[in-house]
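Nothing in this text is a laboratory measurement; each read-out follows from the coordinates by a stated rule. Note that this is a predicted model, so its numbers are computed, not measured. Virtual Cβ from ideal backbone geometry, glycine too; neighbours counted across all protein chains shown.
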């Protein structure tokens, strides 16, 4: 019933003649949902990091997995998860073991929610590349695994924006190029994980040189100066129907 009162249909009924009021109502509902997600995340993050560390350590295969993006930033800058965050980010290096690892997580209490696959006419190595998996733990918190491609002395990660009208659900593909790195062990939330051995340089290549200054971050409104669009490619999101 609550979802009905937050639906586009109900909002339109309440504000049939004012697009401004409808927009403000959607914004209000969005903020309320984010606050609930953040509360659930903070209440369950300790348990989920324990489960993740255990699952990663028990995987029988040469896989490279590390704290990444907002989770890495919180670890390095704050020594904890960022207070306004509501999900967990990991990097994972592309290899033949990635899919096996995701299946391993599914057998250890996690659920695959969705994944992103890139299509490219000009780059056969990028075509059909699954660049991101989203999993969840008991539908409480989403964990994103970003699959990094290593080419020479560089690593590449891929991120997506909604396509323009007429794209039919296809997503714009953005790329972040960063220097290659090795991994080093760290303790985070009382558990064993890995982080890039050049964490400061790595975070600066993603968030800019002022990454140590806390800011309110929004993915949709993020600074894209350090990203570039791959013009001859698009991505599709594939939802796992359990």
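So the values come out like this:
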{"item": "Förster radius 41 Å - calculated FRET efficiency between residue 36 and residue 154 (Cβ-Cβ, nearest 0.05)", "result": "0.55"}
{"item": "Likely footprinting exposure, 133, 234, 228, fewest C-beta neighbours within 10 Å first", "result": "228, 234, 133"}
{"item": "Along each principal axis, Cα extent of the stretch 17-239, largest first, Å", "result": "59, 45, 38"}
{"item": "Residues 67, 236, sorted so that the one with the fewest Cβ neighbours within 10 Å comes first", "result": "236, 67"}
{"item": "Point-to-point label distance, residue 231-residue 136, nm (Cα→Cβ direction, 7 Å offset)", "result": "3.9 nm"}
